[in-house]
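Every number here is computed from the coordinates shown, using simple stated rules; none is lab data. Remember, predicted model here, so these are calculated numbers, not experimental data. Methodologically, a virtual Cβ is constructed for each residue, glycine included, from the backbone with ideal geometry; neighbour enumeration extends over all protein chains shown.
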Amino acid sequence: MLVINRLLHRGKTRGDESGAILVTVVVVMFIGFIVAATIAASVMFTIGANDTNLDRTEAFIAAESGRDVAVAAITAGCSATTLTGTSPTYTTTIYSTTGSKPTSATDAGVAVGCPTQPGYVVLRSTGTGPNGSSVTIDSVYPYTVSYSNVPGGVVTYFSGSVSQSVSHYTGDLVLRNGNWSCPQGGTLTGDLYVLNGTVSLSNDCVVNGDIYASGNVSSNSQSWKVKARSGSTSAGNITTNGTVSFDANGNPTVAGYISAKGNIKLNATGGGSASVGGTVTTKGTAIVDSPAWTTGAVTQGSPSDPVFDPTLEWLRAATKWIDLDGASSWGTSAAINCASDLQNANSATAKVKPLLSAGTTPLVLNFSACTKDVKLDLTGSVPVTRNVVVVTPKDQLLDVTLGGLTASSGSNYQVLFVHADGNRDDRDSSGDPKPTCGSSGTRNTQDRFGTTGTIASNISVMIYSPCGLNGTVTASFSGQLYTDDTTNFHSGSAYTCKPMNWGTALPSLGCTIKGSGGIIDSSTLVKRLDGLVYQSEK
C-alpha cells in the first residue's frame with residue numbers, strides 16, 4: 001500500500017508541473033508573436049518611409065540640378081527665364097531685383113526676368129521624383145556688374161580742390177578727391193565723375209554728358225544745363241550718393257534723369273520754368289515745386305541705391321597716380337650739363353627749343369639730376385618734328401610757356417613736360433601711390449603752365465606735376481594735364497584731352513571712360529552671380 005501511495009503521489013506531482021510548463025510556453029510564444037509582428041510592422045513602415053524619403057530626395061536633387069542649370073544659363077548670357085529638364089525632371093524660373101536681399105520669388109520688388117543691373121537673382125526651381133514627389137527651392141544670389149581690372153592711371157589724374165577753370169574742356173573728367181565747381185559760362189563736353197566730393201553748377205554752365213558724384217549736386221544759379229552728348233551714350237543724367245538741390249532761376253534743364261541716395265529739392269526760387277526730361281528717383285524724399293519744375297515720374301523712398309556705371313570704386317582704381325621721375329623708362333637721354341643748361345632763366349630755353357626740330361627720332365631731355373628750376377619759353381615760331389619728353393628735378397620749379405608750336409600736316413607729335421615725383425614709394429591711407437612734391441614732401445610752390453599763342457592741333461602737350469599747377473592759358477591746346485591741384489590754374493580757351501603714352505614709362509592715358517575710344521567697353525564688362533546667400537525649401 002505504501003508503495004502504491006508513493007507512486008500515485010509522484011504521478012500527480014509530475015502532472016501539475018507539466019501544465020505549468022505548457023502555460024509558460026504558450027505565453028512565451030504569444031509574446032514572441034507580438035514582438036515579431038511589431039518588428040515586421042516597423043520594418044514595413046521603415047521601408048515605406050525610405051521609399052518616400054528616397055523619392056523626395058531625388059526630387060530635391062532634381063530641383064538643385066535645375067538651379068545649377070539656371071546659374072550656368074545666367075553666366076552664359078541668360079537668353080530665357082524658364083528652364084526645364086527631364087532627367088532629372090525640373091522646372092526653374094529666373095527672377096531678379098535691384099532692391100534689398102529677398103528671401104523668395106514672391107517678395108516685393110522681385111519679378112520674372114534676366115538680371116541687367118546690380119542686385120539679386122532668385123532661382124525658383126521645382127524638382128519631381130520618379131514617384132511624383134516634388135520639392136521647390138528658392139535660391140538667392142547677389143548679381144554684380146563691374147568692369148575687369150585695368151592698370152592704374154588710365155585716365156587723366158585730378159585731385160585736390162579743383163575748379164573747372166578751363167572754360168571749355170573736352171573729355172571725360174575724373175576728380176579723385178575734392179569738389180568740382182563749374183564756373184560761369186564753362187562747358188564740359190564729356191562725363192563728369194567726382195569720386196569724393198560735391199558738384200556745383202554756376203550761371204550758364206553746360207555739361208554735355210552725365211554727372212556722377214559721391215556728394216551733393218546743387219545750384220542756385222541760372223541758365224545752366226546738363227545735356228545729352230551727341231554721338232555717345234551720355235543722356236544728360238545726374239547720379240549721386242548725396243542730395244540734389246536746384247532752383248528754377250533762369251530755366252535750367254536736365255535732359256535725362258536724376259537719381260539720388262539723399263533728398264531731392266527742385267525749388268521754384270527764381271520764378272523760372274525748369275525741367276527734368278527723365279524720372280526723379282530718391283531713397284529719401286523729393287520736393288518738386290510745380291509748375292516751376294516739370295519732370296518725369298517721381299519716386300520717393302526707393303529701395304535701391306543709385307546705379308553707378310562704372311562704380312566709383314572701379315574708377316578710383318583706374319585713376320591711380322602714376323609715379324614718374326628720371327628713373328622711368330624714357331630711353332637714352334641727350335647730353336645734359338646742369339651748370340650751363342640751367343645757368344639762368346634763358347638757358348633751358350636755349351637748350352631745348354632748337355632740339356624740338358633737330359631730328360625725327362624721339363628726344364629725351366632728363367634734367368632730374370640737376371638742382372635748379374627749369375623755365376622754358378617755347379613761344380614765337382616753334383616747329384616740332386619729333387616726340388619729346390623733358391624731365392625736371394623733383395624739388396625744383398617747372399615753368400612752361402608755349403605758343404606758336406607747329407607741325408607738318410599729317411603728322412602727330414607728343415611733347416611731355418614731367419616734374420619728377422618726389423617719392424615713388426609714397427602711398428596714401430588706402431595704399432595707393434600718391435603725388436609727392438619735392439624730396440622732403442614739404443615744397444608748396446606750384447608749377448606753372450601758360451600759353452600765349454597757337455598750338456597746332458596735331459601736337460599733344462602733357463604737363464605732369466605732383467605739385468599742382470597755376471598759370472593762365474589764352475590759346476587752345478590738346479593733350480593732358482596730369483596733376484594734383486588746378487585750383488589756381490585758369491584758361492579762357494579750349495582744352496581737349498588726347499590719349500597719350502610714352503613706351504613703358506607711361507601707359508596709355510585715355511580721355512573717355514565709356515563708348516567709342518573709351519578705356520572700358522563690352523569686352524571688359526563682367527556680369528556674374530556671386531555665392532549663394534540664402535536658400536529655402538518647401
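One chain, two ends: Thr474 and Ala111. Fully extended at 0.36 nm per residue, the span grows by 125.1 nm beyond their Cα-Cα distance. Distance between the 7 Å Cα→Cβ label points at Cys338 and Thr452: 2.9 nm.
Residues whose amide H comes within less than 5 Å of that of Ile513, counting only those at least five positions distant or on another chain, are Asp172, Ile519 (H built at 1.01 Å from N in the peptide plane). Backbone amide hydrogens, once placed in the peptide plane, bring Ala420 within less than 5 Å of Thr392, Lys394, excluding anything fewer than 5 places away on its chain.
Taking a threshold of 18 Å on the Cα-Cα distance, which of the pairs Lys372/Lys434; Lys225/Lys261; Lys101/Lys283; Lys261/Lys527 fall above it?
Working: Lys372/Lys434 24 Å; Lys225/Lys261 22 Å; Lys101/Lys283 16 Å; Lys261/Lys527 24 Å.
The pairs that break the limit, which is 18 Å between Cα atoms, are Lys372/Lys434; Lys225/Lys261; Lys261/Lys527.
Dipole orientation for the chain: of the candidates Leu365, Ala268, Pro383, Ala268 has the Cα lying most toward the positive pole (charges on Cβ; Lys, Arg +1; Asp, Glu -1). Computed on the chain, with alpha-carbon pairs under 8 angstrom and 6+ residues apart, the relative contact order is 12 percent.
Over the chain, DSSP H runs of length four or greater, each weighted -39,500 (n - 2.57), average out per residue to a 222 nm ellipticity of -6000 deg cm²/dmol.
Cα centroids of segment 175-190 and segment 55-85: 49 Å apart. Taking 0.36 nm per residue of separation and subtracting the Cα-Cα distance, what length does fully extending Ile31 through Thr82 add? Fully extending the segment from Ile31 to Thr82 adds 12.4 nm.
For Lys375, list the lysines whose Cα falls under 22 Å from its own Cα; do not include residues on the same chain fewer than 8 positions away. Straight-distance partners of Lys375: Lys351, Lys353, Lys394. Averaging the sequence gap over all C-alpha pairs within less than 8 Å and six or more residues apart, then dividing by the number of residues, gives segment 255-376 a relative contact order of 19 percent. A value for Kirkwood radius over Cα pairs in Å was derived from the coordinates, and within the list (1) 28.6; (2) 24.6; (3) 23.4 it appears as (1). In order along segment 112-121, the phi-based Karplus estimate (6.51 cos²θ - 1.76 cosθ + 1.60, θ = phi - 60°) of 3J(HN,Hα) comes to 4, x, 6, x, 10, 10, x, x, 9, 10 Hz; Gly and Pro are listed as x. The percentage of C-alpha pairs in segment 342-428 whose separation is greater than 16 Å is 54%. For segment 196-213, 3J(HN,Hα) computed residue by residue from phi via the Karplus equation (6.51, -1.76, 1.60; θ = phi - 60°) reads 8, x, 10, 10, 10, 10, 9, 3, 6, 5, 10, 10, 8, x, 9, 10, 10, 9 Hz, glycine and proline entered as x. Taking the C-alpha atoms only, the angle from helix 2-75 to the longest principal axis of the chain is near 20 degrees.
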